[in-house]
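As C-alpha cells, the structure follows; a few thoughts come after it.
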Amino acid sequence: MKVRLFGGESCPICKIALTKLECEKEYISCEYIDAFADETQNICDENDVDELPHIQIFDDHDSEKIIKEFKGIDVLKILRDICD
C-alpha cells in the first residue's frame with residue numbers, strides 16, 4: 001500500500017501518524033511531505049492540503065491514483081484500522 005502523509009514538525013498528531021506508518025514500512029510505502037517547507041508548497045496547493053495531518057492512500061494497481069484521503073484527528077483512527 002502506498003500512503004502519502006502531509007504533516008508538520010509542530011503537529012503532535014502528525015508525529016504519531018508518521019511513527020505508526022514507519023512501524024508498518026514492511027507493508028506500507030510512506031512518503032512524508034513537510035507541509036510547512038517552502039519547497040513543498042506547490043504539491044500542498046495541488047492536493048488542497050488545508051488541515052494536518054493529511055493522508056492520501058493510493059490505488060494498489062495505479063500508484064498515481066488516490067483512492068482515499070483523510071484529514072485531521074481522524075487520521076489516527078484510520079491508521080489504527082489500516083495498520084492493526
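FYI, it's all coordinate maths here, none of it is from the lab. Worth saying up front: this structure is predicted, and the values here are computed from it rather than measured. No Cβ is skipped: glycine too gets one built from the backbone with ideal geometry, and neighbour counts run over all protein chains shown.
What does the charge dipole of region 5-83 about its Cα centre add up to, to the nearest 20 debye, if the Cβ of each Lys and Arg holds +1 and the Cβ of each Asp and Glu holds -1?
The dipole magnitude comes to about 500 debye.
Under 4.7 Å Cβ to Cβ, no partner at all: give me those cysteines from the chain, in residue order.
Cys23, Cys30, Cys44, Cys83
How about the chain: which trypsin sites (Lys or Arg not before Pro) there are in a DSSP loop, with at most 15 other Cβ atoms within 10 Å of their Cβ?
Filter output for the chain: Lys25, Lys65.
With an 8 Å Cα cut-off and a minimum separation of 6 or more residues, compute the relative contact order for the chain in percent.
36 percent
On a straight-distance basis, which aspartates and glutamates could pair with Lys77 in a cross-link, Cα separation under 18 angstrom, same-chain partners fewer than 8 positions away excluded?
The reachable aspartates and glutamates, counting only those whose Cα sits under 18 Å from Lys77, are Glu22, Glu24, Glu51, Glu69.
Need one number: convex hull volume per residue for region 2-83, Cα atoms only, in Å³.
87 Å³
Given points 7 Å out from each Cα along the Cα-Cβ axis, report the Asp45 to Glu64 separation in nanometres with one decimal.
If labels sit at Asp45 and Glu64, their model points lie 2.1 nm apart.
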